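See structure below.
The values are calculated or read from the model by the stated rules, or taken from the named source; none is laboratory data. Note that the structure is predicted; figures quoted are calculated from it, not measured. Glycine also receives a Cβ, built like all others from the backbone with ideal geometry; neighbour counts cover every protein chain displayed. SASA here: full protein model, heavy atoms, side chains in, ligands and nucleic acids out. Shrake-Rupley method; radii C 1.70, N 1.55, O 1.52, S 1.80 Å.
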Amino acid sequence: QVQLVESGGGLVQAGGSLRLSCAASGSSFSIETMAWYRQPPGKQRDLVAAITSGGGTTYTDSVKDRFTISRDNAKNTVYLQMNSLKVEDTAVYYCYVKILMFPYWGQGTQVTVSS
């Protein structure tokens with residue numbers, strides 16, 4: 001059974017940085033897509049950034065030039081480096097992976113940016 005363990009969330013002041021990590025385990029198959037989504041209070045869950053097994057990346061416009069997604073295929077781990085954080089980045093951040101076309105989600109980690 002695939003398990004995703006997230007870490008790195010917390011409280012930070014606006015302008016600060018955080019790095020999220022998500023380690024996947026429990027599958028012998030390669031992970032196709034790894035991504036981060038976020039869900040602000042009272043809003044829907046939306047894509048923040050994604051990275052393919054080949055290293056191709058995509059970002060939502062609001063985080064371009066501030067966030068960087070990367071992955072370590074040997075460790076089945078995806079990272080999200082978040083710089084120049086803004087109050088509006090406050091949300092629960094969820095790790096997502098796709099294995100053999102099946103989606104898997106992490107439990108979520110809270111990121112709170114104070115003004």
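Observations on the structure shown:
- Members of the range 1-33 found to be within 18 Å of residue 82 (Cα to Cα), more than 16 Å from the chain's Cα centre (by Cα) and among the hydrophobic types (A, V, I, L, M, F, W, C), listed by number: 11, 12, 14
- Failed condition for residue 70, given (1) free of Cβ contacts under 8 Å to residues at least 40 places away in the same chain; (2) assigned to a loop (DSSP other than H, G, I, E, B): (2)
To keep it simple, each residue is scored yes or no on (1) closer than 10 Å to residue 36 by Cβ; (2) open to solvent by less than 70 Å² (accessible area, probe 1.4 Å); (3) not in a helix (DSSP H, G or I).
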position: 47; (1), (2), (3): yes, yes, yes
position: 54; (1), (2), (3): no, no, yes
position: 74; (1), (2), (3): no, no, yes
position: 85; (1), (2), (3): no, yes, yes
position: 88; (1), (2), (3): no, no, no
position: 93; (1), (2), (3): yes, yes, yes
position: 97; (1), (2), (3): no, yes, yes
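- Any hit, the range 82-95, residues being among the hydrophobic types (A, V, I, L, M, F, W, C), in contact with a Leu (Cβ under 6 Å, 6 or more places away or on another chain) and over 25 Å from residue 1 (Cα atoms): yes
- Residue that is modelled with the lowest pLDDT [pool: residues in the range 68-103 that are over 11 Å from the mean Cα position of the chain (by Cα) and among the small types (Gly, Ala, Ser)]: 74
- Complete set of residues in the range 19-34 that are out of contact with any Asp or Glu (no Cβ under 9 Å at 6 or more places or on another chain) and either assigned to a strand (DSSP E or B) or small (Gly, Ala, Ser) (or both): 19, 24, 25, 26, 27, 28, 30, 33, 34
- Count of the range 56-69 residues which are open to solvent by 60 Å² or more (accessible area, probe 1.4 Å) and either among the hydrophobic types (A, V, I, L, M, F, W, C) or touching a helix residue (DSSP H, G or I) at 6+ places or on another chain (Cβ under 7 Å) (or both): 0
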